[in-house]
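*Asks:* Below is the structure I would like to discuss, written out as structure tokens.
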Amino acid sequence: MSLLVVGSVAFDSVETPFGKHDRLLGGSATYFSIAASYFTDVKLVAVVGKDFPKKHIALFKRYSVDTKGLQITDGKTFYWKGSYEYDMGSAKTIATHLNVLACFDPVIPAEYRNSKNVFLANIDPEHQEKVLRQVRAPRLSACDTMNFYITSKKRVLVRLLKKIDIFFLNDSEARQFSNETNLLKAAKCILSLGPRMVIIKKGEHGSLFFSRNSQFSVPGFPLEIIKDPTGAGDSFAGGVMGYLSRFKKIDERRLRKAIVYGSIMASYNVENFSVNRLSKLNKRLIDKRYNEYKKLTHF
Ligand code: AMP
């Protein structure tokens with residue numbers, strides 16, 4: 001079953017203790033779609049400016065990501081600049097230039113409207129809502145967000161959550177969203193607002209999954225090389241949603257496996273800047289890390 005994603009496609013300038021790079025290919029939908037493409041067919045809905053290079057569009061196509069929904073409009077592509085300190089825990093945003101994203105009208109191409117799986121990657125929650133309204137009968141819908149929108153658009157987010165199956169957010173966002181310092185209480189509070197499941201990402205410390213009657217925890221994959229954490233959350237969501245999109249029926253076992261695949265995609269992504277590592281994977285490397293995860297967590 002195919003997977004529709006709406007989110008940002010961006011130029012990122014990123015500085016970490018391991019390097020500094022300008023105008024890299026980035027954006028929430030970029031990381032998500034490349035990660036998910038290893039599991040299923042992805043349809044991308046996003047907007048870029050006329051300055052967006054053809055070679056980046058060619059890259060999406062190489063991963064069979066359907067770019068019919070990628071609007072190219074007058075103006076500049078969304079630009080984000082961020083930096084990370086030594087612990088690489090969270091990005092410090094230095095600049096956000098919405099550019100063409102500011103007047104994005106996410107129109108879903110007719111042939112995408114029957115998509116059974118939908119991921120609303122980090123983008124203005126009003127745009128996320130608008131996309132969800134255009135999809136006829138999604139079997140699985142999920143969304144992500146960030147501190148910026150929790151501060152500025154919380155009411156819209158709360159409304160959106162009522163229609164969502166899985167809410168992905170990181171630990172500091174979960175605390176901010178729920179006004180709870182404890183993550184179990186934060187998850188309970190979020191579940192009470194409507195989503196069937198919530199996944200709290202904890203960076204290098206892994207992730208926590210909650211539904212009304214189960215919990216699951218996956219550690220972060222221990223890595224010696226972490227060059228750039230940008231896009232880890234989106235790659236994680238790409239692995240989770242990509243894996244789940246392969247099945248008609250989603251049960252607890254598949255959900256747990258999906259979270260492991262999400263962790264694998266995130267762990268590869270951080271090994272290099274932009275999508276430089278994520279775009280060089282294959283089934284063998286994904287399976288290898290899956291087996292390493294099994295050994296790591298078995299007792
Ligand atoms: P992550 O590290 O997974 O949280 O996401 C990183 C990506 O989010 C970067 O590639 C940015 O281009 C993108 N991003 C940053 N701020 C925003 C925003 N306000 N709206 C949409 N995407 C954003």
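*Asks:* Under 18 Å from Met241 (Cβ atoms) and crowded, with 17+ Cβ neighbours inside 10 Å: is that true of Asp165 in this structure?
*Replies:* When the stated conditions are applied, Asp165 passes them.
*Asks:* Scan segment 45-61 for residues that are charged (D, E, K, R) and touching a residue at least 12 places away in the same chain (Cβ under 8 Å) and jot them down.
*Replies:* If the condition is that a residue be charged (D, E, K, R) and touching a residue at least 12 places away in the same chain (Cβ under 8 Å), then Lys50, Asp51 are the ones that fit.
*Asks:* How do the helices (runs of 4 or more DSSP H) wholly within segment 188-299 filter down when requiring 2 or more residues that are within 24 Å of Thr145 (Cβ to Cβ) and within 16 Å of the ligand (Cβ to nearest atom): which remain?
*Replies:* The qualifying helices (runs of 4 or more DSSP H) are 232-244, 252-269.
*Asks:* Continuing with the same structure: Could you list, in sequence order, the residues of segment 172-187 that are farther than 17 Å from Cys143 by Cβ and assigned to a helix (DSSP H, G or I)?
*Replies:* Those that are farther than 17 Å from Cys143 by Cβ and assigned to a helix (DSSP H, G or I): Ser172, Arg175, Leu183, Leu184, Lys185.
*Asks:* Only one of (1) without any contact (Cβ under 8 Å) to a residue 60 or more places away in the chain; (2) assigned to a strand (DSSP E or B); (3) within 15 Å of the ligand (Cβ to nearest atom); (4) over 26 Å from Val198 (Cα atoms) fails for Cys143. Which number is that?
*Replies:* So the condition that Cys143 fails would be (4).
*Asks:* Before we move on, is Gly233 surrounded by 14 or more Cβ atoms within 10 Å (Cβ to Cβ), closer than 21 Å to Val118 by Cα and either within 14 Å of the chain's Cα centre (by Cα) or modelled with pLDDT of 95 or more (or both)?
*Replies:* Criteria met by Gly233.
*Asks:* Closer than 23 Å to Ala266 by Cβ, modelled with pLDDT of 95 or more and within 17 Å of the chain's Cα centre (by Cα): is that true of Val47 in this structure?
*Replies:* Here the answer is no, as Val47 does not meet what is asked.
*Asks:* For segment 39-62, which residues satisfy the criterion of being among the hydrophobic types (A, V, I, L, M, F, W, C) and in contact with a helix residue (DSSP H, G or I) (Cβ under 8 Å, 6 or more places away or on another chain)?
*Replies:* Once the filter is applied, which keeps residues that are among the hydrophobic types (A, V, I, L, M, F, W, C) and in contact with a helix residue (DSSP H, G or I) (Cβ under 8 Å, 6 or more places away or on another chain), segment 39-62 yields Phe39, Val42, Leu44, Val45, Ala46, Val47, Val48, Leu59, Phe60.
*Asks:* Okay, next question. Closer than 26 Å to Asp251 by Cα and either buried (at least 18 other Cβ atoms within 10 Å of the Cβ) or not aromatic (Phe, Trp, Tyr) (or both): does that describe Thr145?
*Replies:* So Thr145 passes the test.
*Asks:* When segment 209-228 is examined, which residues are found to be under 20 Å from Tyr38 (Cβ atoms) and within 19 Å of the chain's Cα centre (by Cα)?
*Replies:* Of everything in segment 209-228, those that are under 20 Å from Tyr38 (Cβ atoms) and within 19 Å of the chain's Cα centre (by Cα) turn out to be Val218, Gly220, Phe221, Asp228.
*Asks:* Which one is farthest from Lys20 (Cα to Cα), of the residues in segment 69-93 that are in a strand (DSSP E or B) and either in contact (Cβ under 8 Å) with a residue 40 or more places away in the chain or within 10 Å of the ligand (Cβ to nearest atom) (or both)?
*Replies:* It comes out as Gly69.
*Asks:* Answer with yes or no whether Arg196 is surrounded by fewer than 22 Cβ atoms within 10 Å (Cβ to Cβ), over 21 Å from Glu252 (Cα atoms) and either of a type in the set (Lys, Arg) or touching a residue at least 40 places away in the same chain (Cβ under 8 Å) (or both).
*Replies:* Criteria not met by Arg196.
*Asks:* The conditions are (1) acidic (Asp, Glu); (2) free of Cβ contacts under 8 Å to residues at least 12 places away in the same chain; (3) under 26 Å from Ser33 (Cβ atoms), and Glu173 fails exactly one of them. Which is it?
*Replies:* Glu173 satisfies every listed condition except (2).
*Asks:* Then there's this: What's the number of the condition Arg159 fails, among (1) in contact with a strand residue (DSSP E or B) (Cβ under 8 Å, 6 or more places away or on another chain); (2) in a helix (DSSP H, G or I)?
*Replies:* (1)
*Asks:* Of all residues being of a type outside the set (Asp, Glu) and modelled with pLDDT under 95 in segment 115-124, which is surrounded by the most Cβ atoms within 10 Å (Cβ to Cβ)? Just the residue, please.
*Replies:* It comes out as Ile123.
*Asks:* Also, I was wondering about something else. Looking only at segment 92-103, how many residues end up being buried (at least 19 other Cβ atoms within 10 Å of the Cβ) and within 16 Å of Tyr149 (Cα to Cα)?
*Replies:* 1
The values are calculated or read from the model by the stated rules, or taken from the named source; none is laboratory data. These figures come from a predicted structure and were not determined experimentally. Cβ: placed from backbone, ideal geometry, glycine included. Neighbour counts: every protein chain shown.
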